[in-house]
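Okay, so here's the structure we're looking at.
The values are calculated or read from the model by the stated rules, or taken from the named source; none is laboratory data. The structure displayed is predicted, hence computed values, not measured ones. Cβ sites come from the backbone with ideal geometry, for glycine too, and all protein chains shown count toward neighbours.
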Amino acid sequence: MNETELLALGGQLTAYFTAQAELNRSKKIEEIHRSVLHHDRLLKQFHQNHQHCDSFQALARNYWNGLTPQLDVCSGVCSYSQVSGDFSEKYIHDGIFYTLCDSVLNNNAFAMQFDNKAYYPLLFHDVRQPGVLAMRINNNWVDGDYRVLSFDTVIQDALRKANL
């Protein structure tokens, strides 16, 4: 292929990818629009089925007062129902889940090793992972081999890799 043909091919590829990007952008805007309309329909349905959020909160309050009499979780239950469109007084509020359920159902000491993604290359060494520019562990910057880096080195490496 000569230079003229390469330039023509480059122009065709640019036009193609520009059109694809615009199509993807239009599709994303349409998805967002459909999502907003769906949410609006759910809220309208919610308000038709439950004339006032107060009446739905009363259902939730009756359900949860036996389990957590000292906590008022009804506003969270109402919000979850509005978002999901499934109007159930049995939704578990985040506060209850993380303080009661999560602590009972999970071994937090064991789970701590999975909290920092910087340790994933050590834990999952046989799984393909993205390259590492720098990681943050205990307020220290380290490279992919866990050698301590200065912040200036991290910035310089990032600029170099970005060709800036």
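Quick notes on this structure:
- Of the residues making up region 64-77, those that are in contact with a helix residue (DSSP H, G or I) (Cβ under 8 Å, 6 or more places away or on another chain) and at pLDDT 70 or above are 64, 77.
- Residue tally, condition out of contact with any Leu (no Cβ under 7 Å at 6 or more places or on another chain), surrounded by 11 or more Cβ atoms within 10 Å (Cβ to Cβ) and hydrophobic (A, V, I, L, M, F, W, C), over region 124-153: 6
- Restricting 60, 21 to residues that are outside the structural domain of residue 123 (by TED's automatic domain parsing), surrounded by 13 or more Cβ atoms within 10 Å (Cβ to Cβ), assigned to a helix (DSSP H, G or I) and at pLDDT 75 or above narrows the list to 60.
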